[in-house]
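FYI, it's all coordinate maths here, none of it is from the lab. Please read all numbers here as calculations on a predicted model, not as lab measurements. Positions of Cβ are generated from backbone atoms using ideal geometry, with glycine treated the same way; all protein chains shown enter the neighbour counts.
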Amino acid sequence: MHSSGKISTKNSVIYPDLVSNISINEIDKYIFDYWDTEKVFALSISGRVKCAEYVLYDGPPFANGLPHYGHLLTGYIKDIVARFSTMNGYKVPRRFGWDCHGLPAEMATEKELNISGQKQIAEFGIDKFNEHCRKSVMKYSSAWEKYVNRQARWVNFQDTYKTMDVSFMESVLWAFKTLHEKGLIYEDKRVVPYSWACQTPLSNFETRIDNAYRKKISKTVIAKFCLTDALTGYEDKDVFLLVWTTTPWTLPSNLALAISADLKYKIVDKKDYYVIASEEFLSQEEGINIDTKKLIGLKYKPLFDYFQSNKNSFVILHADFVEAGSGTSIVHIAPGFGEDDFLLCKKNHIPVVCPVDDTGCFTEEVGNLAELQVFDANDQIITLLKANKQIWKIDTYSHNYPHCWRTDTPLIYKAVSSWYVQVTKIKDKLVNYNKQINWYPEYIGSGLFNNWLEGARDWSISRNRYWGTPIPVWKSTDPNNKTLYIYGSIAEIEKDFGVKCSDLHRETLDALTRPDPLNPDASLKRVPEVLDCWFESGSMPFAQYHYPFENKELFENSLPADFITEYLAQTRGWFYTLMVLSVALFGKIPFKNCLCHGVVLDHDGNKLSKRLNNYPDPMKMFDTYGTDAVRFLMMSSAVVNGGNLLLNDTMIKDVNRLVIKPILNALHFFVMYANADALTASYSDKNRELIDQYIIDKLKIVTNKIYNSFSCYNIVNVCKEITLFIDVLNNWYIRRNRKRFWDSEKSPSKMSAYNTLFFVLSTFSKIIAPVLPILSEFIFLSLNHTSSVHTCDYPKDFCLENSELVEKMDIVRDICNAGLFVRNHNTLKIRQPLKELTVFYDKDLNLENFAEIIMDEVNVKSVRFADTIMENVEVCVKLNYKTLAEHYPERVQELSKSVKQGNYSIINERSILKTSDLELGSDFFTIFIKTARDDSSIVEGRMLMVSLDTHLTHELIVEGHARDIVRCIQQIRKEMNLSLTASIEVVIVENQKSYIDDILVHWTKYISSQTFSNTIKSVNATDSEYYIRNIPSFIIGVKTT
């Protein structure tokens, strides 16, 4: 085979001359070349140009790193949905985008420039820093294109959007201004997650995405806070409140203590002083419960004197957030570093202190601790407390702690000024609009995402960084002018500042100033923050179109999108930001259907990580196993439905063995015999036999099932149905019809077999096209179709010609499988004929016309049908506990016990289960049967049992040996690379006591017809001219004649 646009053929053949061991890589290369040469992707779109558009959001990845298997997984799902939608009559453009702004790009640039922190960036120059970001952010874009193309995913790389494009950024400015006009943007100082390594606040949902939490061992202390106000009845000694904290570094900033008026506290006499903590904490100590009303409002001495003059501070307060079992249930309040603390102090008019700078180091406000990184300061703070006898206990605490998702450093919570989207104002709308979205799995929408929306907080959208869309707000240098001057377009900026604006990054907008309209002596300057890159991602649906400045109708017709997919954590990331901005700006849901997939793990269950280097290069996997195999493995896994996938080579090998190779084998079988017969197949229903009609109707049923599964994004079930049909096609239809293809005459039966297989393979290639795009294309072209399978319409709405036939044949297949199971259980090889198979049934299935198939398949001389199944099996009942619990919750245990003890009866044709005083319908139980007989097997899911007569007579043994000899000769022919019609001579040597005489008398003709043998004889030994193979009881020799 070569890559010049056609599969290589020999002049003498009708179909491409394939070989059984064709290379997967060779197939991949050929199809990729074919797609490029024929521009098939473009054709698939242009062919649907007048059709309705199917909108699929392609979330923009960062291009400053190579894709991993998580990207491949998401890409496969998008590609499958896009291919199916195209074949289903839609135009699916598939525009690719790039996420360019944000911390990933900035962190990479800092590393490349060997600088770190805002001070060094400012010294280097924001303009030069951003220019380096601009160049480096697309560093791997060409590599991304290679990976995406190699995974056989079709996307448009010629018309991509980038979040750093001026057009995209202008739409983001419009969104910010519009939200502000709607009263949904405000600036406030709050405690937020803060990355001191990146020197910027983060949004609350960035601490909830995966990779955000790590195991951390923290030093904990129980500090002693001494009351300065007298506690009635305990004035004789000092009274200390015991306060547990996992963040000793926040103790210098303590301004209050919090208890709960709803909890019980105890005071204990320690001889020299009293201690107070929760009753639970002091449960082992003798003490007296104390009225919390006596504690609330009392003053105490601060541990440190840094902020001893802070107003209204160092007082005990009530707080609802204090819980039992949480340390001592007395909470140390540092409003600069805790959200609850901040709000509590604000409520009680306690000014906030925050003596930590942008780098996470203490400021001069805490003199002897200044310039220490807060986590490094813990030991020194503990040492100071010990010296002052302010420590009750020191310990360590292992817990999950939020880390910066970009630098892997522990976060702090810090009071900073930030810009917010007031999500809480539209929270009810978000919850209600979410009900319009179809989530897959469904519980994600009604559970995980709904819960997140119900608990939504206002979204911090500003970042103290450089490479991003600047917040378009200008303020006056006159503190008395509180007006915000907000710009939502380039035209507005150019008009007010009198300049041409060709770029919207910080270096451009920071330089734009103008006089304050209300005070000519003051000027307007832009606020320093840039927007969170998640705000840009959430703007993708409209910003990619430069809405509202261009493509207004195009965007408005595309909202909401038809489909979106990402992994589960994006319910708190991209899905969330899309939802917030779409509802806030347009009053619409952003997408109609959302599939949340899981995570790909290594074989040990660890997340795939570049740092750990615990996954193979996808390119190597493609080259080794083929992209279709990698795709099918992922798409058939529970990872598509939100589970996890432990990736390993063995699983991909199994896909090739159980899916890819069997399909190729079916194609090879057809092509090999069609070429040998110089026969061209066609779509024809003439002279169809029952088994032809069966496989065609079976295909139609599978097609309808797969179409319905695709339509509800159940890709896992699609893969399941494909796998099941491959087994039926190869191991039932083709295997059972080999003799028809081998027929020396071009009989009607033979032609029907060819036409049937041609129709099935052609149709099946269309069915599997979205999931196995390369293999399906290869099959379709190999059958001499002149166009791409991906430009075809997807088969659907098939009407069955004989549904009863399919049902009965499936039962026959199940009966045969049960019979083969009994054979295997009794170590009786399939070539050994048996006397009889009995099918025990409950209801007559009228399968007598299929007896010959069963006889041939299980290799028995006769089949008997008997309606005495109940006399030969044990009937069992399995209760449906869920239904029982809904209707009879108080009797579940009693009914379970009755069934186990057999205290029940089955009446009304087994539709009712009757106990002493209750009759339960079939919704409450399931009847099944079982047997302990070695010669029998229950047909799973059916009220059938199959039994075999396993006794071997002399005649049966002789016939079994004859079949073994045929199998051996056929294997020798294959090893000798003989053609189908090459004549041979066979000699048989007795290896031990055998049945050779009876074999030659009764079975020579059979052996000869099956093996193209001219001569078969018994000899005492073979000479070197024979090809020799040993089998039990015989030595077989073969030579050509």
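Within the chain, what percent of beta bridges assigned by DSSP are antiparallel, to the nearest 5? Around 70 percent of the beta bridges assigned by DSSP in the chain are antiparallel ones. Report, in listed order, any pair from Lys189/Lys393; Lys739/Lys1005; Lys882/Lys914 with a Cα-Cα distance greater than 28 Å. Table pairs above 28 Å Cα-Cα are Lys189/Lys393. So what's the range 213-402 giving for Rg/Rh, alpha carbon basis, Kirkwood Rh from the mean inverse pair distance? Value, to two decimals: 0.95.
Rounded to whole numbers, the Karplus 3J(HN,Hα) couplings from phi for the range 99-105 are 8, 10, 8, x, 4, x, 5 Hz, using 6.51 cos²θ - 1.76 cosθ + 1.60 with θ = phi - 60°, and x at Gly and Pro.
Among the listed pairs Lys224/Lys271; Lys843/Lys930; Lys237/Lys346; Lys216/Lys237; Lys897/Lys930, those whose Cα-Cα separation exceeds 27 Å are Lys237/Lys346; Lys216/Lys237. Largest first and in whole Å, the equivalent-ellipsoid semi-axes of the range 954-1040 read 19, 14, 11, each the square root of five times a Cα gyration tensor eigenvalue.
Of all lysines in the structure, the ones whose alpha carbon falls short of 16 Å from that of Lys607, not counting any fewer than 8 places away in one chain, are Lys215. The range 648-797: percent of C-alpha pairs farther apart than 29 Å? Result for the distance tail: 15 percent.
Contact order for the chain, expressed relative to its length and based on alpha carbon pairs under 8 Å spaced 6+ residues apart, stands at 11 percent.
Over 15 Å, how big is the tail of the calculated P(r) for the range 627-718, in percent of all Cα pairs? Of all Cα-Cα distances in the range 627-718, 74 percent exceed 15 Å. Positive-end ranking of Gly605, Ile1016, Ser862 along the dipole of the chain, with charges on Cβ about the Cα centre, is headed by Ile1016. Straight-line reach from Lys700: taking Cα to Cα under 17 Å and skipping same-chain neighbours fewer than 8 places apart, the lysines in range are Lys720, Lys766, Lys796, Lys808. For the chain, the dipole from Cβ point charges (+1 on Lys and Arg, -1 on Asp and Glu) about the Cα centre works out to 900 debye, to the nearest 20. For the chain, dividing the convex hull volume of the Cα atoms by the residue count gives 255 Å³ per residue. Looking at the range 351-410, the GluC sites (Glu not before Pro) that sit in a DSSP loop and have at most 13 other Cβ atoms within 10 Å of their own Cβ are Glu371. Residue by residue, the range 954-966 carries 3J(HN,Hα) couplings of 4, 4, 5, 5, 4, 4, x, 5, 4, 5, 4, 5, 4 Hz when phi is fed to the Karplus relation 6.51 cos²θ - 1.76 cosθ + 1.60 (θ = phi - 60°); x denotes Gly or Pro.
Within 10 Å, count the other beta carbons around each residue, average over each peptide in 933-941, 808-816, and list them highest first.
Descending mean neighbour count gives 808-816, 933-941.
Where only DSSP H runs of four or more residues are counted, the chain gives -11000 deg cm²/dmol as its mean residue ellipticity at 222 nm, each run worth -39500 (n - 2.57). Counting every alpha-carbon pair across the range 811-948, the share separated by more than 28 Å comes to 32%.
Each residue of the range 980-986 is assigned a 3J(HN,Hα), and the resulting list reads 4, 9, 5, 7, 9, 10, 10 Hz, derived from the Karplus form 6.51 cos²θ - 1.76 cosθ + 1.60 (θ = phi - 60°), x at Gly and Pro. Distances between placed amide hydrogens fall under 5 Å for Tyr265 paired with Glu279, Ile290, all partners being 5 or more residues away or on another chain.
The lysines whose alpha-carbon is closer than 19 Å to the alpha-carbon of Lys177, local same-chain residues fewer than 8 away aside, are Lys425, Lys475, Lys482, Lys495, Lys525, Lys552, Lys588. Remark: the range 648-797 carries a charge dipole of roughly 300 debye about the Cα centre, counting +1 on each Lys and Arg Cβ and -1 on each Asp and Glu Cβ.
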